1. Scan segment 54-71 for residues that are at pLDDT 95 or above and either touching a His at 6+ places or on another chain (Cβ under 9 Å) or among the small types (G, A, S) (or both) and report the count.
2. Among the numbered criteria (1) free of Cβ contacts under 8 Å to residues at least 40 places away in the same chain; (2) in a strand (DSSP E or B); (3) not basic (K, R), which single criterion is violated by A58?
3. Would you pick out the residues in segment 146-163 that are in a loop (DSSP other than H, G, I, E, B) and surrounded by 13 or more Cβ atoms within 10 Å (Cβ to Cβ)?
4. If you scan segment 61-76, which residues turn out to be closer than 16 Å to Y23 by Cβ and either of a type in the set (S, T, Y) or surrounded by 14 or more Cβ atoms within 10 Å (Cβ to Cβ) (or both)?
5. Exactly one of these conditions fails for D31: (1) over 15 Å from A147 (Cα atoms); (2) over 17 Å from the mean Cα position of the chain (by Cα). Give me its number.
6. Find all pairs meeting these conditions: Cβ atoms under 6 angstrom apart; at least six residues apart or on different chains; first residue within segment 119-131 and within 16 Å of F159 (Cβ to Cβ) and of a type in the set (V, I, T); second residue open to solvent by less than 30 Å² (accessible area, probe 1.4 Å) and outside any strand (DSSP E or B).
7. Which residues, counting only those in segment 126-145, are modelled with pLDDT of 90 or more and buried (at least 16 other Cβ atoms within 10 Å of the Cβ)?
8. Residues V90, V68: which one is in a strand (DSSP E or B), in contact with a Pro (Cβ under 7 Å, 6 or more places away or on another chain) and touching a residue at least 40 places away in the same chain (Cβ under 8 Å)?
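The values are calculated or read from the model by the stated rules, or taken from the named source; none is laboratory data. As the structure is a prediction and not an experimental result, all values here were calculated from the model. Reconstructed Cβ throughout: ideal geometry from the backbone, glycine too, with neighbour counts over all protein chains shown. Each accessible area value is taken on the protein alone, full model and side chains, heavy atoms only, with ligands, DNA and RNA left out. Shrake-Rupley method; radii C 1.70, N 1.55, O 1.52, S 1.80 Å.
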Amino acid sequence: APPRVGPVVSSEIAYAPRDGIEYVEIYNASDADIALFAGDDPTRPWALRGAVNYDFPAGVTLPANGYVVIVGTDPQVVRQVREIPEGVQVLGPFNGILDDDGDDVQLVSYHPETHVEYLVDRVAYSNQAPWSLKSILGDETLNRVSATVYGNDPANWEFGIAGGTPG
């Protein structure tokens, strides 16, 4: 069977920013708000794993067709510098860094009954074919082409504009 996709997916990854503001943007491709914690238990948050580690704060909800941006530095500074709209949550900082030559970004959740961590979305980008990252130019982001297509497929990612478009 093909992998299950969404509705919450990673949608943009700033892995080689000139200004040092790394981030992972998460998108809710559904028409319903989604709690980023297990079932009714806000103490079991979703998380980013792999290259960076970040546990979402208790009670965070991702609005329908909305975004949340997880950053590697002070969220308020990033909101101002990148002019992120007020309606978009900016969270962080995450632990770790995104390697310019490739890394593994995983979005994980907990099963609401067993509380076992499971993989929701994954992007293992690389500077090797078929990814062919342009990180030597600097200020690169990867943008997901479709929220309904498998996230770890290089064909589902394209290069973003310099500096990215968080939120």
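1. Qualifying residue count, segment 54-71: 2.
2. Answer for A58: the failing condition is (2).
3. Residues satisfying the conditions are S146, A147, V149, Y150, G151, N152, D153, G160, G163.
4. Across segment 61-76, the qualifying residues are L62, G66, Y67, V68, V69, I70, V71, G72, T73, D74, P75.
5. (1)
6. V123/G151
7. N143, R144
8. Sole residue among the options that is in a strand (DSSP E or B), in contact with a Pro (Cβ under 7 Å, 6 or more places away or on another chain) and touching a residue at least 40 places away in the same chain (Cβ under 8 Å): V90.
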